[in-house]
Amino acid sequence: MKKILITLLFLIGPIAYGQSAFAKAEQLYRADNYEKALVSFTKLYDQDGDNLGVIERLGDIAGHKKDFKTAMKYYQLLVEKKPKDAHYNFKYGGAMGLYAKSSSKLKALGMLDDIKGYLKKAAKLDPNHIESRHALSQLYCELPGIVGGSIKQSRFYANELLKISPVDGYLAHGLINEYKEEYEKAVISYTKAIETGGSLLTYRKLATVYENKLKDDKKALQTLKRAQIKHKDRQLTADIAGLEIRVQMNE
């Protein structure tokens, strides 16, 4: 779950800039060379501390390095400069949520209202904002009811996703079904996600339920082999080989 939120948060990039220095720094970032990208974007920030694209990338780099406290600092600057930007509110609330997960329970509880507030603001500012709704659905699903968790609220945002992006909606419902240990329903949701989108992620989510929750290696193998027809991926090939050995051993 956490990995999904990280992916949503830090792969959403700033608007491209024409300046060559920014373009070179961005190239380093896109190549996952975060240390060199950090040096380049820091120099740009020293030259122009009001460049929103530079500030955002510094936050993104900190996020990739799992330094969520620093990421929060940069995203807060963005929100202060453009408080009605859904993108920035989502990133700030998301980084805050990831920081809270690595903090003490008491500290996390103290941040909860702010996390919800910024994510909800992002969703309100942009009725088609997918990432904030994913994050809110996940948040309400994972939180205990005593501190504001609600499957009903989680389903609400998953249903909003269905209207905006059906594949994202089915993925969100699948995660809720898994959390509730309703694995057959999760299979239905992830199957619909495959039929709607067909990304490698959708196949992997279904295969994982079969393998880890329903203990059905054959169906997990069948799912990954279907994925292999559409997607060429080295790790996928290795996973299929490992499952084939296990299935043969159990026959």
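No lab work stands behind these numbers, since they all come straight from the coordinates. Since the structure is predicted, the reported quantities are computational estimates derived from the model, not experimental observations. Ideal geometry is used to build each Cβ from the backbone, glycine not excepted, and the neighbour counts take in all protein chains shown.
Points to keep in mind about this one:
- Global form of segment 47-170, assessed from the alpha-carbon gyration tensor, a/c cut-off 1.5: oblate
- Computed over the chain: relative contact order in percent, which uses C-alpha pairs under 8 Å that are six or more apart: 9
- Each of Tyr88, Leu206, Thr237 was placed along the dipole of the chain (beta-carbon charges, centred on the mean Cα), and the one lying farthest toward the positive end is Leu206.
- Environment charge at Ala227 (Cβ cut-off 9 Å; Lys +1, Arg +1, Asp -1, Glu -1): +3
- Of the trypsin sites (Lys or Arg not before Pro) in segment 21-120, those whose Cβ has at most 15 other Cβ within 10 Å and which sit in DSSP loop: Lys65, Lys66, Lys84
- Leu106-Arg30 FRET efficiency (beta carbon distance; Förster radius 30 Å; 0.05 resolution): 0.20
- Exceeding the 28 Å Cα-Cα cut-off - candidates Lys120/Lys230; Lys69/Lys232; Lys73/Lys116; Lys24/Lys205: Lys120/Lys230; Lys69/Lys232; Lys24/Lys205
- Applying 0.36 nm per residue to the separation of Lys232 and Leu214 and subtracting their alpha-carbon distance, the gain on full extension is 3.9 nm.
- Sparsely packed loop sites in segment 147-187 (the GluC sites (Glu not before Pro) outside DSSP H, G, I, E and B with at most 10 other Cβ atoms within 10 Å) comprise Glu181.
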